[in-house]
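The values are calculated or read from the model by the stated rules, or taken from the named source; none is laboratory data. Here the structure is a predicted model, which means the values were calculated and not measured. Every residue, glycine among them, receives a Cβ derived from its backbone with ideal geometry; neighbour counts consider all protein chains shown. For accessibility, only protein heavy atoms count, side chains too; no ligands or nucleic acids. Shrake-Rupley method; radii C 1.70, N 1.55, O 1.52, S 1.80 Å.
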Amino acid sequence: MVALTRRGRMLAAAATAGAIALSGVAGTGVASGRQAATELVYTCQFPSGEVTVPVGISATFPGEAHAGEPIQPGAVAVTLTVPEQALPEPAPATLTATAGLTVAVTQNGNAAESAWAGLGVPPTPVPAAGAVVLSAAGDVPPVTVHDRGEVTFSAAALVVEVVPYAADGAAAEPWTVPCAPAPDADRTLAVVPVAGGQPGSTPPATEGPTSVEPGDGADDGNVIDTPPASRDRRAQADPLAPGEAPPGCFDFPTDLPNPSLMCAYVTGYANVTKLGAAVRLGVPEPGFAQILLNEAAAGEIRPCDTVSEEFVCTYAIFVRSRATMDFPAAGTSMLTFGFVPVSGKVRLRLAEPYLVIDSVTERHDYPRGTPDKFPVKVTAQARMWLELSDVRVNGVPLDVGDDCRSAEPIDVVLAGGSANTIPQNPDEYTVPFGGVLSGSVDIPPFSGCGATEDLDPLLTGTISGPDNDVKVTQGRPCPEVGGATYCPPEVPEPRR
């Protein structure tokens, strides 16, 4: 075995934790549905040489499945513990990492591979003394089989990329560590029984998923489909292949040496309190956001705001992200004065180059034996123009002109968060996973409205005013690193 430098030992620990984060739920042994967890031995190629490390992997699986229906693994996460002696000298101020595990899927002698990729670790400060714990998680794609019989999920190759950051936020060269499991080890993660279907019956080929040809098993002819995790729901108008990013996805301007770039689709609702109506944003085309994740990559360690008898809050990490956002004009209709039908197009456009998103993650230490939690609070701030066009009253065009908009930008402040770094329900939010942000805005008076007559007083009197609720839903982003699984980005259904 090759002796490790401090840098090499850190990479070994990072690979171990990166694979453990592919776990998520505690448990032991192989699971038939429910929770699955196991510990394996991997041989990893570090910059210092080949090193053998333990790797823990866990996830949840359905108790049973039916032929032709997707089998969706869940609660896939990674927890990396890097001991103090593994850190290089001088030690970095912050670490991030991305883990990717290849999972072999077999049934009746047929085999396929499913990529559990893009499992990310948020910026985590390195303490002055003691180990640093890196936590990562993410969604993984489903697997579909078309015959009855047990489906076995087994761990295969692992790749972990660790990025260290200095105290000034400068990123050092990332370390890519490929790892392979011991060839003679039992690498089974879970066995899921599949009912229904007829052995030997092969369904017609479908476009998109990867079909595995018949193997040497007793039931030749079954097919395993391993589609990517997300599909572009705009495919009819703007088809994108699985794993493909939309044009301009990673064009965010930045001078950072190793920026974390991604893009996402955004939808939502904005209320007009005076009219008792709501405008649906992102229809017919969703809003498009380019994101620079965690621009202040090293983060800022702060005291906790939370006080509780149930846990001890040890620190809070502040990071800032930036985003561009383009909301195409959205058609809407409503009744003014309760009975006059009015329709038109509403567009929200950034008045400044960027939307600023601040995230504060606290670490809550619980009694021994209880998992720690990392609640996240997010605030997004922007100034946006509200523009009106194509207005019709009772079907008759109202010529508002080409420059009808709010007299000044709207101050938009939206808030969201999650009980942990990985959101567990659709109403929670973190930048790398998406979710819901909400708030209330004041609509200013209007200016420049009316091609042949001054319509500013009419629109101001019927629309402008305080307390207009806004709820924005961001879909799971398409990342520049690990995008094979999460690109194209999903188009979310707006939450009410």
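Details
- A straight Cα-to-Cα reach below 17 Å connects K373 with the aspartates and glutamates D305, E309, E310, E362, D365, E428, residues fewer than 8 places away in its own chain not being considered.
- Charge tally around E161: other residues with Cβ under 13 Å, Lys/Arg +1 each, Asp/Glu -1 each, net -2.
- Total formal charge among the other residues, if their Cβ is under 9 angstrom from that of D442, Lys/Arg +1 and Asp/Glu -1: -2
- Using a probe radius of 1.4 angstrom, the carbon and sulfur fraction of the accessible surface of the range 262-323 is 53%.
- Here's the picture: a label point sits 7 Å out from the Cα of S343 along the beta-carbon direction, and within the range 373-403 the residues with their amide nitrogen under 20 Å of it are 387-402.
- Charge tally in the Cβ shell below 13 Å around P432, where Lys, Arg are +1 and Asp, Glu are -1, P432 excluded: -2
- If R0 is 25 Å, the Cβ-Cβ spacing of A277 and D402 corresponds to a FRET efficiency of close to 0.55.
- Whole-Å distance, taken between Cα centres, linking the range 462-496 and the range 245-322: 10 Å
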